[in-house]
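Visitor: Here it is, the structure in full.
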Amino acid sequence: MRETLQAPGRLRSDPFRIAEDDTLRSQYMRRLIRERPSDWARQPVRVIPRVVIQFWHDVGDVPTDVRACLDSWAPMAGQGFQRVFFDDRSARRFICKRFGPRHVAAFDLCHHPAMRCDFFRMCYLVALGGFYVDADEEYQGGDCEPLFGDDLLKIQPLCYDGSTDSMIDVNVFAQGDVWSPDWIYYVNNNPIIAPPGHPILRLALARATRMLMTQPVSRMDIQSTTGPGNLTASLVAHSMSSECAGAARNFSLLTDWASLSVSRWPLSYRTDARNWRLWHPDQ
C-alpha cells in the first residue's frame, strides 16, 4: 500500500509545487524508496548506450588518486563498454555542438568544477544516454549487465540525518521500518544510467538552466541548482505527474550500488576548494 503524502489538498494536485517544497519532496521520496520492486515497471528494451562517461575539470592536472579511481573502470571494456572522458573544454564544446548558446551560457555560469560536471552530465545523457559515474568512484568488479536490460533511468537513493549531520545506511532507510523526522530522502546524481532524452533528465536540465540564467551567482547553491537537489525535484515532479496520469514508472532506484562501486575517501582534492563542500563564493 502506498503511503499518503501529508500535504494540503491543493498541493497534492500540483506536482511541481511539491517538488520545490523541501519537506514534501522528502516525504514523497520516502514513499518511492519504500515501494517494492514489483510496483515498478520494467520495459525489456535495450536502448541505453554501453558507454561509461567520466569527467575531471582539467585533463592536464588529474590527481594520481583520482586517476586510479577513473582507471578502475577500464575492465568495463571487457564487458563491451566504451569509456569517454571529458574536461571543462571538451564538455563546453559538446554542449555548444548539441545544444547551443543558452546552454553554453548556463555552463559558463557554473562557478565551480562540480557544477560544470553536474550540468555537463545532464547535457550528455539527454543528448546521447549512457552510464555516468563520478571521478571518485572506484569500480569493484561486479556485473553491470543487469543495469542495461531495460530502458529505465537508474539512480541511487540517499538519506541524510539532519540531527547527526550524517548519512543513513541504505539498508536502514530503504528496507527497515525505522524512521525519523530529521531524515531527508533524496536521490544522488551519481551514478546516472539513462537512455537518450529521458524526461526526468530533460526536466532536470531545463530546471538547472533556468536557475543558472535567472539567479545571481551569490545565491546559486550547488546542491539545489545543478546537483542532487535539482535531480530529486525533477524526479518528484515527473513521478507525481505520471502517477496522476496513470502512467507506469520509467525509472528505478538502485539500492545496491555499493556492490558495484565505492566512493573513495580520502582523496587529495577533498581538502581544498576543488571539493565543492569546502568552496566559498569569495574564492
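Visitor: Determine, yes or no, whether Val126 is in contact (Cβ under 8 Å) with a residue 24 or more places away in the chain, closer than 24 Å to Thr209 by Cα and of a type in the set (Val, Ile, Thr).
Guide: yes
Visitor: Further question on the same structure: Limited to the range 118-134, what total is found for residues that are in a loop (DSSP other than H, G, I, E, B), under 14 Å from the mean Cα position of the chain (by Cα) and at negative phi?
Guide: Looking only at that region, the number is 2.
Visitor: Sort through Gln175, Gln156 and tell me the only one that's at negative phi and either of a type in the set (A, V, I, L, M, F, W, C) or out of contact with any helix residue (DSSP H, G or I) (no Cβ under 7 Å at 6 or more places or on another chain) (or both).
Guide: Gln175
Visitor: Quick check on the range 248-267: of everything there that is at pLDDT below 90 and farther than 20 Å from Leu153 by Cα, which residue is surrounded by the most Cβ atoms within 10 Å (Cβ to Cβ)?
Guide: Residue satisfying both the conditions and the ranking: Leu267.
Visitor: Taking Thr214 as the residue in question, decide whether it is out of contact with any Leu (no Cβ under 9 Å at 6 or more places or on another chain) and either farther than 22 Å from His57 by Cβ or buried (at least 16 other Cβ atoms within 10 Å of the Cβ) (or both).
Guide: Criteria met by Thr214.
Visitor: For the range 53-67, which residues satisfy the criterion of being loosely packed, with under 13 Cβ neighbours inside 10 Å and either part of a helix (DSSP H, G or I) or at pLDDT below 95 (or both)?
Guide: Thr64, Arg67
Visitor: For Val172, are the conditions met, namely being in contact with a Ser or Thr (Cβ under 7 Å, 6 or more places away or on another chain) and surrounded by 13 or more Cβ atoms within 10 Å (Cβ to Cβ)?
Guide: The answer is no for Val172.
Visitor: Hey, which of the strands (runs of 3 or more DSSP E) in the range 172-283, taking only ones fully inside, have at least 3 residues that are within 22 Å of Thr23 (Cβ to Cβ) and of a type outside the set (Val, Ile, Thr)?
Guide: In the range 172-283, the matching strands (runs of 3 or more DSSP E) lie at 183-194.
The values are calculated or read from the model by the stated rules, or taken from the named source; none is laboratory data. Please read these numbers as outputs of a predicted model, since none were measured by experiment. Here Cβ is always computed from backbone atoms with ideal geometry, including for glycine, and neighbour counts include all displayed protein chains.
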